[in-house]
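I have placed the structure first, in the form of structure tokens, so that the comments after it can refer back to it.
The values are calculated or read from the model by the stated rules, or taken from the named source; none is laboratory data. All of these numbers come straight from a predicted model, not from anything done at the bench. All Cβ positions, even for glycine, are placed from backbone atoms using ideal geometry, and neighbour counts span all protein chains on display. Accessible surface is based on the protein model in full, side chains and every heavy atom, while ligands, DNA and RNA are left aside. Shrake-Rupley method; radii C 1.70, N 1.55, O 1.52, S 1.80 Å.
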Amino acid sequence: MKWKRILVPTDFSESADRALESARALATQMGGTIVLLHAVQPPYAVYPQEAVSLAALSDAWLREARRALQPLATRARRGGQRVKVELRYGAPWSCILDVAKSLSADAIVIGASGHSRFARLLLGSTADKVVRSSPVPVLVVHDQVLKRIRRVLAPVDLGEGSSWALRVAGLLAGRGASVEALLVVPRSVGETDVVPFPVVPMPPLEESEAALDQFLERHSLERVKGRVIMAMDPASGILEHAHGRKLDLIVIATHGRRGLDRALLGSVAEKVIRHAEAPVLVVPEGRGPAAAGSLHEERGRRPRPKKAKARERVRPLGRSQRGPWTGQAHTGRGGPPGRRGGS
């Protein structure tokens with residue numbers, strides 16, 4: 001299995017640096033090429049009294065960004081790693097998705113925001129949009145850098161998306177690695193428990209274990225170890241189970257939907273992505289290296305009408321859609337090129 005092109009957006013922050021190091025580990029394992037991307041976002045306001053035109057400013061920003069990208073590209077090329085540099089001018093999340101599509105990227109590796117204790121609790125706005133909209137797997141890196149893949153956790157709900165996630169986990173882990181499929185069953189609610197959601201009666205634990213075993217057998221996932229635990233809610237159970245286990249990677253699936261349903265990321269997946277200590281690989285259902293044939297061959301079986309393609313062009317965002325930051329890339333806190341850290 002190979003990911004030929006791994007897209008890595010950078011805003012020159014420490015979070016983006018950790019994503020780049022993680023991408024190097026993946027690219028080394030798979031023999032792929034890293035595509036290092038920086039998006040220069042224009043200011044949302046231009047004042048007529050400015051002596052320099054917006055076009056001249058844009059050229060200056062792009063030149064500065066190109067100079068800032070060179071040391072990162074040089075560092076990423078250590079050990080003979082193949083690296084390609086891409087520079088775009090526009091809204092970062094839109095540029096990321098546009099480049100992923102135009103270059104037929106197989107995966108995106110992106111850093112989550114981590115510039116303050118408060119920001120650590122929130123997924124960066126650009127990363128959030130990329131995770132929700134990307135048709136290819138997205139690896140979200142928090143504080144822990146992905147170095148090697150030896151211990152993988154894959155939460156499941158016994159749906160088809162879970163089988164895709166488990167296949168991807170098995171292919172990435174390789175021989176000798178451990179892949180655990182985790183099914184969380186809501187525990188019984190006592191009289192003194194206060195829960196903010198309706199509780200659906202669940203089958204006994206033994207039946208859930210049998211159902212997980214049948215699921216793994218049905219999808220020919222003999223190498224995967226099944227585990228069933230009980231918790232008040234699935235997200236909390238997954239995070240508590242993962243805590244302190246020194247996992248290298250968590251692989252979780254999203255439903256392969258489009259439109260509004262696709263934009264609404266499942267609450268369980270969203271909480272895991274935001275709060276997990278280990279890097280989290282988000283796999284859209286039916287996508288990724290487990291698909292029959294290549295990802296792009298799969299796309300070719302469902303071509304879109306020409307009019308739909310025309311509507312997918314990248315357009316500059318309106319003022320109401322942009323934040324006040326300029327010169328940033330994927331996290332929305334990058335600051336002008338050449339500077340490290342956030343605001």
- Task: Starting from the range 12-23, keep only residues that are closer than 18 Å to Pro92 by Cα and open to solvent by less than 20 Å² (accessible area, probe 1.4 Å), then list their pairs with residues that are assigned to a loop (DSSP other than H, G, I, E, B) and among the aliphatic types (A, V, I, L, M) whose Cβ atoms are within a distance under 8 Å, requiring at least 6 positions of separation or different chains.
- Result: Phe12/Ala329; Ser15/Ala112; Ala16/Ala329
- List pairs: first in the range 169-189 and open to solvent by less than 10 Å² (accessible area, probe 1.4 Å), second among the polar types (S, T, N, Q), Cβ under 6 Å, 6+ apart or cross-chain? Val185/Ser208
- In the range 74-115, how many residues are open to solvent by 10 Å² or more (accessible area, probe 1.4 Å), touching a residue at least 24 places away in the same chain (Cβ under 8 Å), closer than 17 Å to Gln29 by Cβ and part of a loop (DSSP other than H, G, I, E, B)? 3
- Item | Filtered residues of the range 221-252 (kept if assigned to a strand (DSSP E or B), over 19 Å from Leu139 (Cβ atoms) and not β-branched (Val, Ile, Thr)) | Lys225, Gly226, Arg227, Met230, Ala231
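Rundown of residues vs (1) modelled with pLDDT of 90 or more; (2) touching a helix residue (DSSP H, G or I) at 6+ places or on another chain (Cβ under 9 Å), yes/no style:
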| residue | (1), (2) |
| --- | --- |
| Arg77 | yes, no |
| Val83 | yes, yes |
| Asp98 | yes, no |
| Ile110 | yes, yes |
| Phe118 | no, no |
| Ser125 | no, yes |
| Ser134 | yes, yes |
| Val141 | yes, yes |
| Arg151 | yes, yes |
- Task: Tell me, please, whether a residue that is more than 25 Å from the chain's Cα centre (by Cα), open to solvent by 70 Å² or more (accessible area, probe 1.4 Å) and at pLDDT 90 or above can be found in the range 194-212.
- Result: yes
